[in-house]
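Trainee: Provided herewith is a single structure, encoded as structure tokens, for subsequent inquiry.
The values are calculated or read from the model by the stated rules, or taken from the named source; none is laboratory data. Being a predicted model, the structure only gives us computed values, none of them experimental. Backbone-built Cβ (ideal geometry, glycine too); neighbour counts: all protein chains shown.
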Amino acid sequence: MASLPALPALHATHAGIWRAAPDGEVRALGRGEAISLLADTPHILLNAPLIGERLGAPEISGLDLLELFAFLHPARFAVPTVAGMARAAGLEPPEDDAGAAPLLRVIASRLLSRMEEEDWPEREGAWTTARTLQRHGWPWAPLVAARLKTPAEAERALFSRLSEWEENADPVPPRHATVSDADAREKLARLVGEGAETRQGQQDMAGAVAGIFAPREEPGQPHMLLADAGTGIGKTLAYLAPAALWADRSGGTAWISTYTKALQRQLDAEGKRLFPDRAERERRIVVRKGRENYLCLLNLEDAMQGGFGGRAAILAQLVGRWAAYSKDGDMVGGDLPGWLTSLFRRAGATALTDRRGECIYAGCPHFRRCFIEKAERAGREADLVIANHALVMVNAARQKPGAPTRILFDEGHHLFDAADSTFAAALTGREAIELRRWIIGPEGKSRGRQRGLEARLMDVASYDEEGGAALGAAVEAARQLNGDGWLARIAEGDPWGPLERLLAAVRSTTYARASAQDAGYGIETELAEPDGALVDAAAEALEAMEAIAKPLAILSRRLEALLEDAPDWLDAQARARVEGSIHSLGWRRETLGAWMAMLARIGGPVDPDFVDWLAIARVEGREYDIGLHRHWLDPTRPLAKAVLEPAHGVLVTSATLRNGGDWDSASARSGALHLSRPARTFEAQSPFDYAASTEVLIVNDLGRGDIPQLAGAYARLIEAAGGGTLGLFTAIKRLRAVHARIADRLARAGLPLYAQHVDPIDTGTLVDIFRDDPRASLLGTDALRDGVDVPGDSLRMVVMERVPWARPTVLHGARRLVGGGSAYDDKVVKARLAQAYGRLVRREGDRGFFVLLSAATPSRLLTAFPEGVAVHRLPLDEAVARVRDGLAATREKEDAPCLNS
């Protein structure tokens, strides 16, 4: 076994900086000395970007243990902390921060030695990748290469190691089958296992869900169930049981739709109960996401063959190593560790997915191995497809083949928001330049691989004169869209072309109408009473859009005709490429249609179904986009038309579906209101005793807007709880200010503090770190208010810095006007409070405090909390004491010996 070279290690937290020398000496350092040493000598680190953030030197580098782990165990996850990596290496976590630095050296030695063991399962491809990484200057490469034996035979190339999908006939429509109440309950009993606790609410829900699988009686009238299922009843198994039964009996596919990736992972894990055999499970349960989540093999090949340089080239090699072992190629929430791309400051990560719709389908040499194609084809044959709300809605709206007949929407309280996003339109500079690049291809000196529409269809267009002419006309018309440098030209008052002139007019109007409090942030204004300059610019831009839309429509028709009267050279791969192009053209034309409708409205009559506004997107005063926006006033109308009506059965369920209100509200927010057949309803109360396990504290002596007071309150509350706190903010600026004031103080008390928008770590990984360490706390914004599942002692207090009122946007104002004014505001806030409170109790035995740092909390909002939960308005000192004493009493009770009477 090769020994670890004499490399020092460095560990830094908010509490201090420690260096472990090769001779075993461990000492504390100041920031300046640490930065100087790192510049002079390579050090072993863990998460270099995070260490750089701690030191105030973001560009530091070294031998990052996380990169070594990603090379050693691609497609495996480890919590990216010293404790997490120690456990992954089979070692005991450090007792304190000072002990972490020398442990980094031990972890490195253990990981490197693993490569010399015969049973290392990820050996294939390592030798080849290590040699390539050495050429790219990867710091670990010499140490890795010294431990890898030259293979007896040449290693297979990455792409030849990936499995190919097989073409099958289109799936037949599902047989008409029913699932009875009794059948669903029996299946559920088998899933939970003998001797498991009987949960009446879970059994009743399984029986109720069974009804959505009956064949519908009239077109456009699905069997729809709205189920308000409290936390803890086990609703996932309650709907999985009848769904699996129906899929087995009918030969059809039930789609289970979520809003968060966390629930997708949870559902995927529950699949072991349905199908214990891994091979059968992977065949019968498929996770589907939008194509922008998956690794594009053609992009990866480009990156690995010189398209990426510097650190991005190292990332490409590590991602390539992961691709060979990945279950499904999902880069966002799949088995690629979320922390990997953040180690490279996300350099190149987005370029490895298909985010611009440039897929060449069967024209790609990796088409038969494509992760996206595999997932789509696997979904056609699966019993259960686990997807997200956006994908389900997009597929339905675009009438993609194989549309689901049974859809189960979990996290249904987000259905309104998902529909709002899916059926909206935005004509902005960034969106328009993407359309230009999609048609024309990359421009400028670094053109890269040509994948514009012209390049993708040139050979097809050459066969058809009319199609070729349409393609040429579309390319020429697309040159009227904004090009590189458009923002600078508009800011300097020198826009070029009709679209840039439109964006300049939008910018001018928006600034003219902006209020003083908008300074520094994104600003918007209602599209009402437009001036002449804006109306004229819109008319000119509309002509430019029509000039693009017409030839694209002709091109689509010519491609469809090509398929109908196929020439001899149109083989299966070419046919698939043409079909893919028709699909891409279809949704691009839909986008153009929505844009043209927006432009035609400017200066004309108001459409009462829509809300239109102008906006300038900014971050800390820096503009990054300009444009027009259109949303449905009620987005559940297109949801009902495109998604619900074509289905036979639909479930919408959530722990906060009604949010303490009536079923009319749930019906309106889910789209059921727009169906001719009324939805059935089901309710099961949570089995948890919230009144006995939680308290709500409203602190009433903090000054509004006083950041020092706010920071002090957070620090004292977290100290009283001993960590385990989720802090929620309504503004990133305040989050950052509070974090900056209290992180060092808490770290010195042994209470790590992490934060969204501060730490260079993705949100999912931050939650993983928080869940792993009961003394850690996490600060965040909306993304952490819902969908975060941290059961047990790791989360024992939720603190909100103020009442989460909705931002007074143009869209909110329009919906507020028709939704009852202040009553609408109250519904929004109560839903947010209920979702935040819902993070506290995730399983039996969980206990904690919900603290709201706002004296001005109206009593009418307190119905957001479960009935019987005590609500106390009190000063900060009393709140701190109550948290400290309450959690201490809980620990004493849990630690007390159990005595037999």
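Trainee: If you go through region 855-864 one residue at a time, do you hit one that is more than 27 Å from residue 338 (Cα to Cα), over 24 Å from the mean Cα position of the chain (by Cα), part of a loop (DSSP other than H, G, I, E, B) and β-branched (Val, Ile, Thr)?
Mentor: Yes, there is a match, as at least one residue in region 855-864 is more than 27 Å from residue 338 (Cα to Cα), over 24 Å from the mean Cα position of the chain (by Cα), part of a loop (DSSP other than H, G, I, E, B) and β-branched (Val, Ile, Thr).
Trainee: Moving to a separate point now. For region 13-30, enumerate the residues that are surrounded by 15 or more Cβ atoms within 10 Å (Cβ to Cβ) and within 15 Å of residue 52 (Cα to Cα).
Mentor: 13, 14, 15, 16, 17, 18, 19, 29
Trainee: Answer yes if at least one residue in region 452-472 is modelled with pLDDT under 95 and on the phi > 0 side of the Ramachandran plot, and no otherwise.
Mentor: Within region 452-472 (the criterion being modelled with pLDDT under 95 and on the phi > 0 side of the Ramachandran plot), the answer is no, since none of the residues qualifies.
Trainee: Another question about this same structure. With 19, 54 as the choices, which residue is over 28 Å from residue 323 (Cβ atoms), modelled with pLDDT under 95 and among the basic types (Lys, Arg)?
Mentor: From the options 19, 54, the qualifying one is 54.
Trainee: In a loop (DSSP other than H, G, I, E, B) and among the basic types (Lys, Arg) - does that describe any residue in region 827-840?
Mentor: So far as region 827-840 goes, yes, one or more of its residues are in a loop (DSSP other than H, G, I, E, B) and among the basic types (Lys, Arg).
Trainee: Right, another one. Can you find even one residue in region 421-428 that is surrounded by fewer than 22 Cβ atoms within 10 Å (Cβ to Cβ), at pLDDT below 90 and over 23 Å from residue 573 (Cβ atoms)?
Mentor: no
Trainee: The conditions are (1) modelled with pLDDT of 90 or more; (2) not in a helix (DSSP H, G or I), and residue 590 fails exactly one of them. Which is it?
Mentor: Exception for residue 590: condition (2).
Trainee: Turning to a different aspect of this structure: Just to be sure before I move on: is residue 37 part of a helix (DSSP H, G or I), of a type in the set (A, V, I, L, M, F, W, C), assigned by TED's automatic domain parsing to the domain that holds residue 143 and within 23 Å of residue 773 (Cβ to Cβ) in the structure I sent?
Mentor: It is false that residue 37 is part of a helix (DSSP H, G or I), of a type in the set (A, V, I, L, M, F, W, C), assigned by TED's automatic domain parsing to the domain that holds residue 143 and within 23 Å of residue 773 (Cβ to Cβ).
Trainee: Answer yes or no as to whether residue 208 is assigned to a helix (DSSP H, G or I), touching a strand residue (DSSP E or B) at 6+ places or on another chain (Cβ under 9 Å) and over 30 Å from residue 677 (Cα atoms). Before you say what the answer is, go through the steps one by one.
Mentor: Details: assigned to a helix (DSSP H, G or I): yes; touching a strand residue (DSSP E or B) at 6+ places or on another chain (Cβ under 9 Å): yes; over 30 Å from residue 677 (Cα atoms): no.
Answer is no for this residue.
Trainee: Among the residues of region 469-493, write down those that are of a type outside the set (D, E, K, R) and not in a helix (DSSP H, G or I).
Mentor: Scanning region 469-493 gives 480, 481, 482, 483, 485, 493.
Trainee: Here's a follow-up. Going through region 566-584 one residue at a time, which ones are over 38 Å from the mean Cα position of the chain (by Cα), aliphatic (A, V, I, L, M) and surrounded by fewer than 16 Cβ atoms within 10 Å (Cβ to Cβ)?
Mentor: The answer is 566, and nothing else.
Trainee: Residues that are farther than 26 Å from residue 227 by Cβ and either out of contact with any strand residue (DSSP E or B) (no Cβ under 9 Å at 6 or more places or on another chain) or modelled with pLDDT of 85 or more (or both): does region 403-414 have at least one?
Mentor: Scanning region 403-414, I find no residue that is farther than 26 Å from residue 227 by Cβ and either out of contact with any strand residue (DSSP E or B) (no Cβ under 9 Å at 6 or more places or on another chain) or modelled with pLDDT of 85 or more (or both), so the answer is no.
Trainee: Something else: Condition (residue is touching a Ser or Thr at 6+ places or on another chain (Cβ under 6 Å), in a loop (DSSP other than H, G, I, E, B) and at negative phi) applied to region 682-689: is it met by at least one residue?
Mentor: Yes, the conditions are met somewhere in region 682-689.
Trainee: I would also like to ask the following. Mind counting the residues in region 115-151 that are closer than 15 Å to residue 68 by Cβ, without any contact (Cβ under 8 Å) to a residue 40 or more places away in the chain and part of a helix (DSSP H, G or I)?
Mentor: The number of residues fulfilling the criteria is 4.
Trainee: Give me a count of the residues in region 90-108 that are within 29 Å of residue 310 (Cα to Cα) and either surrounded by fewer than 16 Cβ atoms within 10 Å (Cβ to Cβ) or aliphatic (A, V, I, L, M) (or both).
Mentor: The qualifying residues number 5.
Trainee: Answer yes or no as to whether residue 388 is closer than 28 Å to residue 434 by Cα, of a type in the set (S, T, N, Q) and out of contact with any strand residue (DSSP E or B) (no Cβ under 7 Å at 6 or more places or on another chain).
Mentor: It is false that residue 388 is closer than 28 Å to residue 434 by Cα, of a type in the set (S, T, N, Q) and out of contact with any strand residue (DSSP E or B) (no Cβ under 7 Å at 6 or more places or on another chain).
Trainee: Might you let me know whether region 806-818 holds any residue that is at pLDDT below 90 and either of a type in the set (Val, Ile, Thr) or under 18 Å from the mean Cα position of the chain (by Cα) (or both)?
Mentor: No, region 806-818 contains no residue that is at pLDDT below 90 and either of a type in the set (Val, Ile, Thr) or under 18 Å from the mean Cα position of the chain (by Cα) (or both).
Trainee: Select from region 311-352 the residues that are modelled with pLDDT under 90, within 17 Å of the chain's Cα centre (by Cα) and of a type outside the set (Gly, Ala, Ser) and write down the one among them that is nearest to residue 430 (Cα to Cα).
Mentor: For region 311-352, the residue satisfying everything is 350.
Trainee: Moving to a separate point now. Please give the helices (runs of 4 or more DSSP H) falling wholly within region 232-347 in which 2 or more residues are acidic (Asp, Glu).
Mentor: In region 232-347, the matching helices (runs of 4 or more DSSP H) lie at 261-274, 278-284, 297-302.
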